[in-house]
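Input: a single structure, listed below in structure tokens.
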Amino acid sequence: MSSSSPSLPSALTQPSASQQQDNNVVEARTNESTLICKICQTVVILKNMTTEWLDEERELPLTRQTKGIDHTQTELVKGYFGVKDIFAFENVGFTRSADGKKFLVCGECEEGPVGFVDPNTEMNYVTPERLDVLQTSV
Ligand SMILES: [Zn+2]
């Protein structure tokens, strides 16, 4: 009596995944603050330049890679401001990973990656997790 039914186990734990629609993770939103490089304080993007907020985790290479490891170490970073036009940025550079993904780095000191380029939409996404907010002295 070997039932070799290939049906997938339907009891996989789905942590409140009822609303995982594509159009729920992106919302129209502009960056309320000027974002600067954490290392050299160069302005990466001025405030009110982005057009959307991507509320999603994406893998970014670690800022500091451990030496002697032959693959890129990554971590999940959640939350990105998105903008289509690369000229929206004040100072930004690109790096390309071994597998062809494009990432955004500080245009001055190349700290990062601070974001990534979506290969399908060519949207540029930067994460406030890897940037500092410019404090305007009052
Ligand atoms: Zn920098």
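Can you name every residue in region 109-134 that is among the charged types (D, E, K, R) and closer than 20 Å to LEU62 by Cβ? Working first, answer last.
At the first step, the residues of region 109-134 found to be among the charged types (D, E, K, R) are 110-111, 118, 122, 129-130, 132.
The answer is GLU110, GLU111, GLU129, ARG130, ASP132.
For region 70-80, how many residues meet the condition of being exposed (fewer than 10 other Cβ atoms within 10 Å of the Cβ) and either under 13 Å from GLY115 (Cβ atoms) or basic (Lys, Arg) (or both)?
Of all residues in region 70-80, those exposed (fewer than 10 other Cβ atoms within 10 Å of the Cβ) come to 70-71, 76.
Then drop every residue that is not either under 13 Å from GLY115 (Cβ atoms) or basic (Lys, Arg) (or both), which leaves none.
Counting residues in region 70-80 that are exposed (fewer than 10 other Cβ atoms within 10 Å of the Cβ) and either under 13 Å from GLY115 (Cβ atoms) or basic (Lys, Arg) (or both) gives 0.
Kindly provide the set of residues from region 106-138 that are closer than 18 Å to THR34 by Cβ, in contact with a strand residue (DSSP E or B) (Cβ under 8 Å, 6 or more places away or on another chain) and β-branched (Val, Ile, Thr), ordered by number.
Narrowing region 106-138 to residues closer than 18 Å to THR34 by Cβ: 106-109, 111-112, 114-115, 124-138.
Next, only the ones that are in contact with a strand residue (DSSP E or B) (Cβ under 8 Å, 6 or more places away or on another chain) stay: 106-109, 111-112, 114-115, 124-134.
Hits for region 106-138 are VAL114, VAL126, THR127, VAL133.
Can you tell me which residues in region 22-70 are under 18 Å from ILE86 (Cα atoms), within 16 Å of the ligand (Cβ to nearest atom) and either free of Cβ contacts under 8 Å to residues at least 40 places away in the same chain or assigned to a loop (DSSP other than H, G, I, E, B) (or both)?
Of everything in region 22-70, those that are under 18 Å from ILE86 (Cα atoms), within 16 Å of the ligand (Cβ to nearest atom) and either free of Cβ contacts under 8 Å to residues at least 40 places away in the same chain or assigned to a loop (DSSP other than H, G, I, E, B) (or both) turn out to be THR34, THR42, LEU46.
Please tell me if LYS67 is at pLDDT 90 or above, open to solvent by 70 Å² or more (accessible area, probe 1.4 Å) and either over 28 Å from ASP99 (Cα atoms) or under 16 Å from the mean Cα position of the chain (by Cα) (or both). Full working, then the answer.
Details: at pLDDT 90 or above: yes; open to solvent by 70 Å² or more (accessible area, probe 1.4 Å): yes; either over 28 Å from ASP99 (Cα atoms) or under 16 Å from the mean Cα position of the chain (by Cα) (or both): no.
In short, no.
Pairs please, first residue from region 93-121 and farther than 22 Å from CYS40 by Cα, second anywhere and within 12 Å of the ligand (Cβ to nearest atom), Cβ atoms under 8 Å, 6+ apart in sequence or on different chains.
Taking only residues 6 or more apart or on different chains, the pairs are VAL117/LEU104.
To keep it simple, each residue is scored yes or no on (1) open to solvent by less than 100 Å² (accessible area, probe 1.4 Å); (2) more than 16 Å from the chain's Cα centre (by Cα); (3) at pLDDT below 95.
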{"site": "SER3", "(1), (2), (3)": "no, yes, yes"}
{"site": "LEU8", "(1), (2), (3)": "no, yes, yes"}
{"site": "ALA11", "(1), (2), (3)": "yes, yes, yes"}
{"site": "ARG29", "(1), (2), (3)": "yes, no, no"}
{"site": "VAL43", "(1), (2), (3)": "yes, yes, no"}
{"site": "THR51", "(1), (2), (3)": "yes, no, no"}
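Restricting to region 84-138, give me the number of residues that are over 19 Å from THR51 (Cα atoms), more than 16 Å from the ligand (Cβ to nearest atom) and surrounded by fewer than 15 Cβ atoms within 10 Å (Cβ to Cβ).
So the count comes out to 9.
The values are calculated or read from the model by the stated rules, or taken from the named source; none is laboratory data. Remember, it's a predicted structure, so these values are computed and weren't measured experimentally. Methodologically, a virtual Cβ is constructed for each residue, glycine included, from the backbone with ideal geometry; neighbour enumeration extends over all protein chains shown. Just so you know, the surface numbers come from the protein's heavy atoms only, side chains and all, with ligands and any DNA or RNA stripped out. Shrake-Rupley method; radii C 1.70, N 1.55, O 1.52, S 1.80 Å.
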